[in-house]
Amino acid sequence: MGLTSAELIDLVLDDGTWTSWDMAPSYGDISEAYAADLAKARERAGTDESVVTGEARIAGRRVAVVLSEFRFLAGSIGRASAERLIAAVERATREGLPLLAGPASGGTRMQEGTPAFVQMVRIAEAVTRHKAAGLPYLVYLRHPTTGGVMASWGSLGHVTVAEPEALLGFLGPKVYEVLNGRPFPSGVQVAENLFAHGLVDGVAPPAELAGLVDRVLTILDLRSNAGRAASASERVETSGQIDTWDAITRSRRTDRPGVRALLRIAASDVVPLNGTGQGERDPGLIIALARFGSAPCLVLAQDRREQAHQPLGPEGLREAQRGMKLAAGLGLPVVTVIDTPGAALSPEAENGGIAGEIARTLGALVNVETPTLSLMLGEGNGGGALAFLPADRVVAAQHAWLSPLPPEGASAIVHGDSDHAAEMAEAQRVLAVDLQQIGVVDRIVAESPDAADEPEEFCRRVGSILEDELLGLLRSGPGEPTARAARYTG
Ligand SMILES: CC(C)(COP(=O)(O)OP(=O)(O)OC[C@H]1O[C@@H](n2cnc3c(N)ncnc32)[C@H](O)[C@@H]1OP(=O)(O)O)[C@@H](O)C(=O)NCCC(=O)NCCSC(=O)CC(=O)O
């Protein structure tokens, strides 16, 4: 069994800051047997119900907290604990507090049955309303979390992290075995498997929670930084005339810095997220909360390194759509990073709806109600690249480019061979500087002479421009979808 609610409070929250919000539970007319169960549970758990709520500080910051106490009837939710939970969520919303949840539960309380079961509706509604107010809801799934708790407040987090090796699932394995006459397959309802399926953002022991919550909330606090002066960005002029094929060749260098290098070198902090939250993840897509200096954002980036093994698939595009919803919900600017040899061309990708996901991602990005910035970092082939482009501000590396398909493919269409790729690319005006001339790109980041030859300096230059642009975007707020689209006129 994992930590008790009291142990978790001691471990995670600032010393001496815990204040309970709990009122004595009331049960109305209940059976003697249930009353005896409750008395035994109180004695065993040392709490008066299966849910403990209150407020505290984490790294000095005021937060609301709702926790299960598994030792109290397996953390099961009856009407009194549901009432307590809902009251705490509503108070957190009213007081504008970030809400941290730490469930561990066997789900609906069997002693109460359906009247308790239907409380899931009110719980889900209260949590959804908290989130709709733009207030963070961060979930730590503790061992074990099952049933109607997993299917309500356990699965609604903006960010969700799980306890290592925790049993996490819908129907409890004991129940499954009795109902089906065979055990549930092992290795499925376990934290690490949920991570592998993009259902949780991370797996971390309780000792790391305070630091993690502080980092997430620090990024979110910076949303109000719009008034700050932007940092001075380094001025390096782009070097003269740029040859199209030379730029394309440079953009394909295997040692060219991609988003990983950018985040490592230029970001002040990065909190990686994971997956769609709906059973998929794509290693070619990096989704993370980050800050560049004093500018916060949610990064949705095509990772050139992973795409070398596995092209960006429909999963990655769905992950990007989750990221945009998350960013809009939290009022965080989105930074997309375009760096792709092209989206997956395979039977699996077709069956997964790759073309439809490109359309939906494109539509989501142009419509998302939060400031957006796209960064063309290297190659930009086809619809998979375009889906990450339409933003309030578009920044491009000097040798970045965007093309309807690989220049070799364009040559194949027109000439029946790939020999005319260079000439096709030039004629198709794929370069960042060409796109700047027609108003598709706003700002070029110089490479001197090539990002791969000066990765540290280049990444710092990009980072400082991102900070500058993001602070500007926080001041101006999100653009209108029509304005975002209008720059492609003509
Ligand atoms: C959560 C568990 C994996 C934990 O397993 P463990 O081996 O650690 O513990 P355990 O099974 O001995 O449980 C500890 C004690 O809590 C009791 N207990 C467990 N779940 C309970 C529940 N939901 N209501 C009331 N009591 C419950 C057990 O009977 C046991 O009592 P004692 O100590 O007296 O022996 C398991 O208890 C389990 O599978 N529970 C059922 C999960 C589930 O399928 N819930 C769906 C409910 S319907 C629902 O929630 C709605 C929905 O699904 O949408």
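The values are calculated or read from the model by the stated rules, or taken from the named source; none is laboratory data. Not measured: the values here are computed from a predicted model. Glycine also receives a Cβ, built like all others from the backbone with ideal geometry; neighbour counts cover every protein chain displayed. Ligands, DNA and RNA are stripped out before the accessible areas are found, and what is left, the full protein with its side chains, is counted by its heavy atoms. Shrake-Rupley method; radii C 1.70, N 1.55, O 1.52, S 1.80 Å.
A few points about this structure:
- Of all residue pairs spaced 6 or more apart or on separate chains, those with beta-carbon atoms under 9 Å, a first member in the range 89-118 that is open to solvent by less than 20 Å² (accessible area, probe 1.4 Å) and more than 8 Å from the ligand (Cβ to nearest atom) and a second member that is modelled with pLDDT under 95 and assigned to a loop (DSSP other than H, G, I, E, B) are ALA104/MET1; ALA104/GLY2.
- Candidates in the range 203-228 are the residues that are open to solvent by 50 Å² or more (accessible area, probe 1.4 Å) and in a helix (DSSP H, G or I); of these, the one that is modelled with the lowest pLDDT is GLY227.
- Just one of the listed residues (ALA33, ALA64) is among the aliphatic types (A, V, I, L, M), more than 21 Å from THR146 (Cα to Cα) and away from the ligand (no atom under 13 Å from the Cβ), and it is ALA64.
- Residue that is farthest from ALA343 (Cα to Cα), among those in the range 308-327 that are in a helix (DSSP H, G or I) and open to solvent by 40 Å² or more (accessible area, probe 1.4 Å): LYS325
- Residue in the range 66-77 that is more than 29 Å from the chain's Cα centre (by Cα), part of a loop (DSSP other than H, G, I, E, B) and aromatic (Phe, Trp, Tyr) present: yes
- Counting only residues that are of a type in the set (D, E, K, R) and surrounded by fewer than 22 Cβ atoms within 10 Å (Cβ to Cβ), the range 153-168 holds 1 of them.
- Annotation: of all residues in the range 467-482 being open to solvent by 60 Å² or more (accessible area, probe 1.4 Å) and touching a residue at least 12 places away in the same chain (Cβ under 8 Å), the one that is nearest to THR372 (Cα to Cα) is PRO478.
- Pairs with Cβ under 6 Å, 6+ apart, first in the range 170-195 and free of Cβ contacts under 8 Å to residues at least 40 places away in the same chain and near the ligand (Cβ under 10 Å from one of its atoms), second outside any helix (DSSP H, G or I) and open to solvent by 70 Å² or more (accessible area, probe 1.4 Å): GLU177/PRO183
- Some residue of the range 47-61 being surrounded by 15 or more Cβ atoms within 10 Å (Cβ to Cβ), assigned to a helix (DSSP H, G or I) and within 16 Å of the ligand (Cβ to nearest atom): no
- Identity of the residue in the range 119-163, within 16 Å of the chain's Cα centre (by Cα) and polar (S, T, N, Q), that ends up nearest to VAL200 (Cα to Cα): THR160
- Enumeration of residues in the range 248-297 that are of a type in the set (Gly, Ala, Ser), under 22 Å from LEU312 (Cβ atoms) and open to solvent by less than 30 Å² (accessible area, probe 1.4 Å): SER251, GLY258, ALA261, ALA267, GLY275, GLY284, ALA288, ALA290
- So SER464, is it modelled with pLDDT of 95 or more, closer than 17 Å to ASP392 by Cα and open to solvent by 10 Å² or more (accessible area, probe 1.4 Å): no
- Scope the range 147-204; condition over 24 Å from LEU11 (Cβ atoms) and among the aromatic types (Phe, Trp, Tyr); matching residues: PHE170, TYR176, PHE184
- Picking from residues in the range 129-152 that are more than 12 Å from the ligand (Cβ to nearest atom) and of a type outside the set (A, V, I, L, M), the one that is most open to solvent (accessible area, probe 1.4 Å) is ARG129.
- Some residue of the range 430-448 being closer than 24 Å to PRO406 by Cβ, open to solvent by 20 Å² or more (accessible area, probe 1.4 Å), assigned to a helix (DSSP H, G or I) and among the charged types (D, E, K, R): yes
- Residue check, LEU8 surrounded by 14 or more Cβ atoms within 10 Å (Cβ to Cβ) and either within 16 Å of the ligand (Cβ to nearest atom) or of a type in the set (Ser, Thr, Tyr) (or both): no
- Test for GLN302: is it free of Cβ contacts under 8 Å to residues at least 40 places away in the same chain, under 26 Å from ALA247 (Cα atoms) and not hydroxyl-bearing (Ser, Thr, Tyr): no
- Selection from the range 409-429 of residues that are within 23 Å of GLN241 (Cα to Cα) and part of a helix (DSSP H, G or I): ALA421, ALA422, GLU423, MET424, ALA425, GLU426, ALA427
For every residue, the table says whether it meets (1) closer than 22 Å to GLN437 by Cβ; (2) modelled with pLDDT of 95 or more.
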site	(1), (2)
GLY313	no, yes
LEU332	no, yes
ALA349	no, yes
GLY356	no, yes
ASN381	yes, yes
PRO390	yes, yes
ARG393	yes, yes
PRO407	yes, no
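- Comparison of ILE86, ILE123 shows that the only residue that is within 16 Å of the ligand (Cβ to nearest atom), over 22 Å from ALA328 (Cβ atoms) and not charged (D, E, K, R) is ILE123.
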